[in-house]
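Reviewing the structure listed below.
The values are calculated or read from the model by the stated rules, or taken from the named source; none is laboratory data. Since the model is a prediction, treat every value here as computed from it, not as a measurement. Heads up, the Cβs are rebuilt from the backbone with ideal geometry, glycines too, and the neighbour counts pull from every protein chain shown.
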Amino acid sequence: MSILIAVPTFETIMPETFKSIYGLRQTKFNPMFDFIKGYDCAKARNAIAKEAVEGRFDYVLMIDSDVVVPSEALECFMSIDADICLGLCPRKNSKNGRVEIYKDTGPDYTDFWTYDKLPNEPRLKIKGGGFACAFIKTSVFSKLSYPYFRYVEYPNGTALSEDLYFCTKAREAGFTIYADTRVRCGHAARFFQYE
């Protein structure tokens with residue numbers, strides 16, 4: 001089982017992030033680490049997807065450059081056996097416990113989860129979410145058109161982030177998106193850890 005662990009970054013990776021990646025338990029996996037530097041996030045994620053496909057990796061684990069992942073993240077993701085599975089990460093600049101994953105309800109991305117309202121189960125079907133920590137089967141990309149990730153701005157001033165753009169495309173292609181409620185990440189730059 002080969003896994004590309006990759007970080008989309010504009011400049012650097014926080015030391016706490018790299019330490020958490022280095023500390024991932026990986027007894028039965030064959031991971032390779034890489035980072036894509038100097039691009040906006042959408043371009044970096046597209047480059048990571050391309051590297052995963054061309055390198056014939058089974059999975060890609062994308063981790064943002066300021067995110068701290070728990071050591072059991074890979075084991076948890078593998079036990080879910082999903083095409084697309086996201087870890088939980090607090091929303092930037094939010095102190096209300098909001099998690100960057102959205103309920104599988106309604107036509108848009110407005111109905112979000114908070115840590116205190118999460119169901120007590122490891123596998124949670126979701127509409128989509130942030131890719132601070134995202135585990136994807138590489139075969140998913142072969143069923144989607146390029147670009148996989150794209151930041152979209154609408155005339156009314158609203159926007160669709162590159163990760164939610166991917167989630168929308170993946171759902172339209174018939175994929176189900178899950179969150180693993182056991183994979184609770186922190187933000188190193190914001191000094192937040194899930195407790």
### Task
Kindly list, by first and then second residue, each pair from a residue in the range 100-111 that is under 13 Å from SER161 (Cβ atoms) to a residue that is acidic (Asp, Glu) and surrounded by 11 or more Cβ atoms within 10 Å (Cβ to Cβ), limited to pairs with Cβ atoms under 8 Å and residues at least 6 apart or on different chains.
TYR102/ASP111
### Message
Please verify whether GLY55 is of a type outside the set (Asp, Glu) and more than 19 Å from LEU74 (Cα to Cα), treating the condition exactly as stated.
### Response
yes
#### Entry: Count of residues meeting criterion [under 16 Å from the mean Cα position of the chain (by Cα) and in a loop (DSSP other than H, G, I, E, B)] in the range 131-167
7
### Message
So ILE21 passes all but one of these: (1) assigned to a loop (DSSP other than H, G, I, E, B); (2) within 16 Å of PHE77 (Cα to Cα); (3) at pLDDT below 90. Which condition number does it fail?
### Response
(1)
#### Entry: Cβ-Cβ under 9 Å pairs, at least 6 apart or on other chains, the range 14-28 side among the β-branched types (Val, Ile, Thr), far side surrounded by 13 or more Cβ atoms within 10 Å (Cβ to Cβ) and assigned to a loop (DSSP other than H, G, I, E, B)
THR17/ASP64; THR17/SER65; THR17/ASP66; THR17/VAL69; THR17/ALA188; ILE21/ILE13; ILE21/VAL69
### Message
Among (1) touching a Gly at 6+ places or on another chain (Cβ under 8 Å); (2) not in a loop (DSSP other than H, G, I, E, B), there is one condition SER79 misses while meeting the rest; what is its number?
### Response
(1)
### Message
Among the residues of the range 104-118, are any outside any loop (DSSP other than H, G, I, E, B) and of a type in the set (A, V, I, L, M)?
### Response
no
### Task
Collect the residues in the range 3-38 that are exposed (fewer than 15 other Cβ atoms within 10 Å of the Cβ) and among the hydroxyl-bearing types (Ser, Thr, Tyr), keeping them in residue-number order.
THR12, TYR22, THR27
### Task
Test SER71 against the criterion of being modelled with pLDDT of 90 or more, over 24 Å from ILE21 (Cβ atoms), touching a helix residue (DSSP H, G or I) at 6+ places or on another chain (Cβ under 8 Å) and not in a helix (DSSP H, G or I), and give yes or no.
no
### Task
Being more than 22 Å from THR17 (Cα to Cα), small (Gly, Ala, Ser) and surrounded by 13 or more Cβ atoms within 10 Å (Cβ to Cβ) is the filter here, so list the residues in the range 80-127 that pass it.
ALA82
